[in-house]
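Asks: Here it is, the structure in full.
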Amino acid sequence: MISTRSIYQEIRNDRPAFQLLMSIAAKGETQGGWENERIAALTGDPVLAGKVLRHGADETKHGLMFGKLLRKAGLDEVPVPPEADYCMILEARGIGLPHARLDRSQPLDSEEILQYLVHSKITEERASDEVNRMLRVFGEDPELAPTLRVIAEDEINHLSYAHEELLKLSGQGNGDRIARMLKAYALAEIAVYRDVGLAFVRHMARLLGWSRPKQWALELGVSAVYRLERAFTWRRLAALRPPLRSNAMGS
Ligand SMILES: [Fe+2]
Ligand SMILES: [Fe+2]
C-alpha cells in the first residue's frame with residue numbers, strides 16, 4: 001500500500017532518489033540562509049537585523065547539515081530541477097523579496113520588511129510541517145534523525161519569531177493589511193507547494209521506476225492535498241498565534 005512512510009522509505013533506500021531529496025532540502029535551506037543574511041544587511045533596525053541574521057545563520061546551518069548527510073552517504077549535491085525549486089518559484093510568483101532586490105544596497109522600507117516577515121511566517125509553517133513529517137518517518141533512522149531533530153527544534157524558533165514580529169506590527173495598526181497579505185501569500189504558497197509536489201513525484205517516478213498507476217495515484221494525492229489546503233489549511237498557514245517561544249531569535 002502507498003503511504004507517506006513507504007514512499008519516503010523507498011526514497012531513502014535508493015541512492016539517486018535520496019540524493020535528489022537531500023539536494024532539494026539543502027538548496028532550500030541554503031537559499032533561505034542567503035536571503036536572511038542579505039535582509040539583515042538591509043534592515044535599519046539593529047534589533048530586528050540581529051534576529052534576521054540569527055535566522056539566516058540557522059538556515060545556512062541546516063543547508064550544511066543536509067549536505068553533510070549527502071557526503072556521509074558518499075553522494076554529491078545535484079542541481080535542483082527548476083520545476084521542483086520551491087523558493088525560486090515562490091519568488092517568481094511575487095512572494096517575498098526577489099533576488100534582484102536583495103542584491104541592491106538600498107535599505108528595506110517598512111513595506112518590504114512586512115513582505116519579508118509574511119513570507120517567513122508562511123514558509124516557516126511549511127518548513128516546520130515538512131521536517132516534522134520526515135521526523136515521523138525517520139525518527140528511528142540513526143543517520144537522519146539527529147539532523148532532523150535539530151532542524152525541527154530550530155523551525156519552532158523561526159515560527160515563534162515570525163509570529164511575534166507580525167503580532168507586534170499588527171498591534172501597531174497594521175492588522176488588516178497583514179491579515180490580507182497572509183491570506184494572499186498562503187493561497188499562493190499552497191499552489192506552489194502543489195506544483196513542486198507534482199514535479200517531485202515525476203522526478204521520483206523516473207528515478208525509482210514507478211509504474212504509471214503508482215505515479216498517477218501519487219499525483220492524485222498531491223492534488224487532493226491541494227484541494228484540502230485550498231478549502232481549509234490555508235487558514236492555519238495564515239493565522240497569527242501567540243508565539244510558542246518568546247524572543248526566540250533574540251540574543
Ligand atoms: Fe530551515
Ligand atoms: Fe526556518
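No value in this document is a laboratory result; all are computed from the given coordinates. All values reported here derive from a predicted model rather than from experimental measurement. Cβ sites come from the backbone with ideal geometry, for glycine too, and all protein chains shown count toward neighbours.
Asks: Figure the gain on full extension for Ile2 and Arg15 (residue separation times 0.36 nm, minus the Cα-Cα span) and round it to one decimal in nm.
Replies: 2.7 nm
Asks: Which links in Lys27/Lys72; Lys68/Lys214; Lys72/Lys214 stretch past 20 Å when you go from one Cα to the other?
Replies: In this structure, Lys68/Lys214; Lys72/Lys214 exceed 20 Å between Cα atoms.
Asks: Turning to a different aspect of this structure: If I stretch the segment between Arg149 and Asp109 completely, what's the gain in nm (0.36 nm per residue apart, minus their alpha carbon distance), one decimal?
Replies: Between Arg149 and Asp109, full extension yields an extra 10.8 nm.
Asks: What's the local net charge at Ala238, with K and R +1, D and E -1, over the other residues with C-beta under 15 Å away?
Replies: That sum, taken over residues with Cβ under 15 Å, equals +3.
Asks: Same structure again: In percent, what relative contact order does the range 35-115 have, based on Cα pairs under 8 Å that are 6 or more apart in sequence?
Replies: 35
Asks: In the chain, if the dipole is taken from +1 on Lys/Arg beta carbons and -1 on Asp/Glu beta carbons about the Cα centre, which of Leu198, Val78, Ser3 is farthest to the positive end?
Replies: Farthest towards the positive pole: Ser3.
Asks: OK, next. What's the extension gain from Glu83 to Ser170 if we count 0.36 nm per residue and subtract their Cα-Cα distance?
Replies: Details: separation 87, 0.36 × 87 = 31.32 nm, distance 3.47 nm.
Stretched fully, the Glu83-Ser170 segment lengthens by 27.9 nm.
Asks: Which ³J(HN,Hα) values, rounded to whole Hz and listed in residue order, are derived for the range 77-83 from phi using the Karplus coefficients 6.51, -1.76 and 1.60 in 6.51 cos²θ - 1.76 cosθ + 1.60 with θ = phi - 60°, glycine and proline given as x?
Replies: For the range 77-83, the Karplus-derived couplings read 5, 10, x, 7, x, x, 6 Hz, x marking Gly and Pro.
Asks: Sticking with this one: According to a simple spin-label model (label point 7 Å from Cα along Cα-to-Cβ), what is the distance in nm between Lys68 and Asp141?
Replies: 1.6
Asks: Ignoring everything except DSSP H segments at least 4 long, calculate the 222 nm mean residue ellipticity for the chain; use -39,500 (n - 2.57) per segment, divide by total residues, nearest 500.
Replies: Roughly -25000 deg cm²/dmol at 222 nm, from the helical runs in the chain.
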